[in-house]
Amino acid sequence: MVLKPEEKILLVMTNSANYAETAANLTKLFSKSGSGIYVSVNKPFETLKQSFIRNKIKVDSIFFIDMVTKTNDARKDSNCLYLGNPGDLTSVSIAIDQVLSSIEGEKFVIFDTINTLLNYNNESMVIRFMHSLVGKIRNENARGILLSVGNLKEGMESQLTQFCDKNITV
């Protein structure tokens, strides 16, 4: 396992060449032992779903929050909520709260990716949001993965590292 039992939050920094494989491998690993949430700021739900099915990942144990697909309003499929606005951190926070509290047993949250969120929000907002997200994950006794592609600004990376139990570069 990537995390020891006492570790809950993992910051994963990867490059663009390894990103898709890293995200799929981590999702596959975490979905084997529980159910969770995959928050996507990079790829639409349908694209992720097809990719995960090809990689033999159990998509029925994952609830997706799609912040990419543009809709006129938030809409929901059986295992996906479409928010379509990466700048709306309040809505995604509420959605994560509601879904996370409804999951029974072992649970996880994968946030894909911090970098893309920075295209729509300022750095201090993203840091506050990530701090809040990590708190929610810990309160629910879940595990969390925060994905970053490429390098974050030094100040941001050091802040995020403080919130996490472990950080790795893949």
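Just one of (1) in contact with a strand residue (DSSP E or B) (Cβ under 8 Å, 6 or more places away or on another chain); (2) surrounded by 15 or more Cβ atoms within 10 Å (Cβ to Cβ); (3) part of a loop (DSSP other than H, G, I, E, B) trips up S16, so point out which.
(2)
Just to be sure before I move on: is L152 over 12 Å from the mean Cα position of the chain (by Cα) and open to solvent by less than 20 Å² (accessible area, probe 1.4 Å) in the structure I sent? Outline the logic, then answer.
Details: over 12 Å from the mean Cα position of the chain (by Cα): yes; open to solvent by less than 20 Å² (accessible area, probe 1.4 Å): yes.
Against the criterion (over 12 Å from the mean Cα position of the chain (by Cα) and open to solvent by less than 20 Å² (accessible area, probe 1.4 Å)), L152 qualifies.
Could you list, in sequence order, the residues of region 25-69 that are among the β-branched types (V, I, T) and either touching a Ser or Thr at 6+ places or on another chain (Cβ under 9 Å) or farther than 21 Å from V12 by Cα (or both)?
Within region 25-69, the subset among the β-branched types (V, I, T) is 27, 37, 39, 41, 47, 53, 57, 59, 62, 65, 68-69.
Answer for region 25-69, where residues must be among the β-branched types (V, I, T) and either touching a Ser or Thr at 6+ places or on another chain (Cβ under 9 Å) or farther than 21 Å from V12 by Cα (or both): V41, T47, I53, I57, V59, I62, I65, V68, T69.
Return yes when T22 is outside any strand (DSSP E or B), in contact with a helix residue (DSSP H, G or I) (Cβ under 8 Å, 6 or more places away or on another chain), open to solvent by less than 20 Å² (accessible area, probe 1.4 Å) and polar (S, T, N, Q) and no when it is not. Working first, answer last.
Details: outside any strand (DSSP E or B): yes; in contact with a helix residue (DSSP H, G or I) (Cβ under 8 Å, 6 or more places away or on another chain): no; open to solvent by less than 20 Å² (accessible area, probe 1.4 Å): yes; polar (S, T, N, Q): yes.
In short, no.
Among residues belonging to region 28-46 that are touching a helix residue (DSSP H, G or I) at 6+ places or on another chain (Cβ under 6 Å) and assigned to a loop (DSSP other than H, G, I, E, B), point out the one that is least open to solvent (accessible area, probe 1.4 Å).
Ranking the candidates gives V41 first.
Hey, G84 hits all of (1) surrounded by fewer than 20 Cβ atoms within 10 Å (Cβ to Cβ); (2) in contact (Cβ under 8 Å) with a residue 60 or more places away in the chain but one; which does it fall short on?
In the conditions (1) surrounded by fewer than 20 Cβ atoms within 10 Å (Cβ to Cβ); (2) in contact (Cβ under 8 Å) with a residue 60 or more places away in the chain, G84 misses (2) alone.
Residue by residue through region 88-119, note down the ones that are open to solvent by 30 Å² or more (accessible area, probe 1.4 Å) and either under 15 Å from the mean Cα position of the chain (by Cα) or free of Cβ contacts under 8 Å to residues at least 40 places away in the same chain (or both). So that I can check it myself, show each step before the final result.
In the first step, residues of region 88-119 are kept if they are open to solvent by 30 Å² or more (accessible area, probe 1.4 Å); the result is 88, 90-91, 94, 97-98, 101-102, 104-106, 115, 118-119.
Within region 88-119, D88, T90, S91, I94, D97, Q98, S101, S102, N115, L118, N119 meet the criteria.
Mind checking which residues of region 47-57 are of a type in the set (V, I, T) and either outside any loop (DSSP other than H, G, I, E, B) or free of Cβ contacts under 8 Å to residues at least 24 places away in the same chain (or both)?
Just the residues of region 47-57 that are of a type in the set (V, I, T), to begin with: 47, 53, 57.
Matches in region 47-57: T47, I53.
The values are calculated or read from the model by the stated rules, or taken from the named source; none is laboratory data. Predicted, not measured: the structure shown is a model, and the values here were computed from it. As a convention, Cβ positions derive from the backbone with ideal geometry for all residues, glycine included, and neighbour counts pool all protein chains shown. Ligands, DNA and RNA are excluded from the accessible area calculation, which covers all protein heavy atoms including side chains. Shrake-Rupley method; radii C 1.70, N 1.55, O 1.52, S 1.80 Å.
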